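Below you'll find the structure, written out as structure tokens, and then a few comments.
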Amino acid sequence: MDSERVRPGRRLGVMGGTFDPIHHGHLVAASEVQAYFDLDEVIFVPTGQPWQKLDREVSPPEDRYLMTVIATASNPRFSVSRVDIDRPGPTYTIDTLRDLARLYPDAELFFITGADALAQILTWRDVDEMFKLAQFVGCTRPGYSSQELPLDKLPMDRITLLEVPALAISSTECRQRVAKGNPTWYLVPDGIVQYIAKRDLYTNH
Ligand SMILES: Nc1ncnc2c1ncn2[C@@H]1O[C@H](COP(=O)(O)OP(=O)(O)OP(=O)(O)O)[C@@H](O)[C@H]1O
Ligand SMILES: O=C(O)c1ccc[n+]([C@@H]2O[C@H](COP(=O)([O-])O)[C@@H](O)[C@H]2O)c1
């Protein structure tokens, strides 16, 4: 489970996200990128404090971390890192990549995003340095056209756009469904439905 056991010199995917909750859209995107780039492992990295989501209530990091562990446990090529939740202050991908580059000095890093996140990437901290530390993969996502990407401003030699099976699922919709008493079965893994109920998450959204 612990990504810190991964040997160096490997091709590592990095799937960053708030994962509040993790859903099948995240898992399918990570699995597709793993296969396409023949990655040894995809490390899921739940955010500590997602600074661009401060306008909403975000579940405690430990809940989001545990849900990520539960959802990825059955895939031997998936693991979860605590680097972002253990770092105090707002979460910046530049810090995530620096930490992982320190932990795995010989690894080649592939940071995985959806098309919506990629469209905003120029607002992230230290983007020039970030693109030096990892290649980026922008996965297609229903509702977000790659034509909205600022292609002329992005370093496309460091970015691959990848078409993945279209799953119109968002964490927002999952939270809203729980709040309204609607099911989330099959949008999220079974263990996540159970974790949400056990911890009484999202009932007041
Ligand atoms: N259905 C999906 N298909 C492809 N990529 C996705 C999908 N859902 C999320 N992603 C990507 O996964 C990463 C983490 O997403 P995040 O945890 O913010 O989930 P979200 O569903 O976008 O959450 P929210 O609805 O709360 O904003 C982002 O790069 C996002 O673009
Ligand atoms: O580095 C930044 O400034 C930055 C700004 C917004 C999002 N990110 C990262 O993008 C990933 C997806 O974030 P989110 O908020 O869409 O769940 C996650 O790893 C975040 O840390 C990073």
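FYI, it's all coordinate maths here, none of it is from the lab. Note that this is a predicted model, so its numbers are computed, not measured. Note that we place each Cβ from the backbone using ideal geometry, even for glycine, and neighbour counts take in every protein chain shown.
Could you grab me the full set of residues in segment 33-47 that are away from ligand 1 (no atom under 13 Å from the Cβ) and surrounded by 13 or more Cβ atoms within 10 Å (Cβ to Cβ)?
Hits for segment 33-47 are 34, 36, 37, 39, 40, 41, 43.
Taking segment 11-57 as the region of interest, how many residues are part of a strand (DSSP E or B) and of a type in the set (D, E, K, R)?
Number satisfying all stated conditions: 2.
Among the residues of segment 175-193, what is the count of those that are more than 8 Å from ligand 1 (Cβ to nearest atom), assigned to a helix (DSSP H, G or I) and in contact (Cβ under 8 Å) with a residue 60 or more places away in the chain?
Residues meeting the conditions: 2.
Would you check if there is a residue in segment 2-22 being exposed (fewer than 14 other Cβ atoms within 10 Å of the Cβ) and within 11 Å of ligand 2 (Cβ to nearest atom)?
Taking every residue of segment 2-22 in turn, none turns out to be exposed (fewer than 14 other Cβ atoms within 10 Å of the Cβ) and within 11 Å of ligand 2 (Cβ to nearest atom).
Of the residues that make up segment 51-64, is at least one under 17 Å from residue 100 (Cα atoms), within 16 Å of ligand 2 (Cβ to nearest atom) and crowded, with 17+ Cβ neighbours inside 10 Å?
No, segment 51-64 has no match at all.
Would segment 89-108 turn up any residue that is aliphatic (A, V, I, L, M), assigned to a strand (DSSP E or B) and closer than 21 Å to residue 34 by Cβ?
Scanning segment 89-108, I find no residue that is aliphatic (A, V, I, L, M), assigned to a strand (DSSP E or B) and closer than 21 Å to residue 34 by Cβ, so the answer is no.
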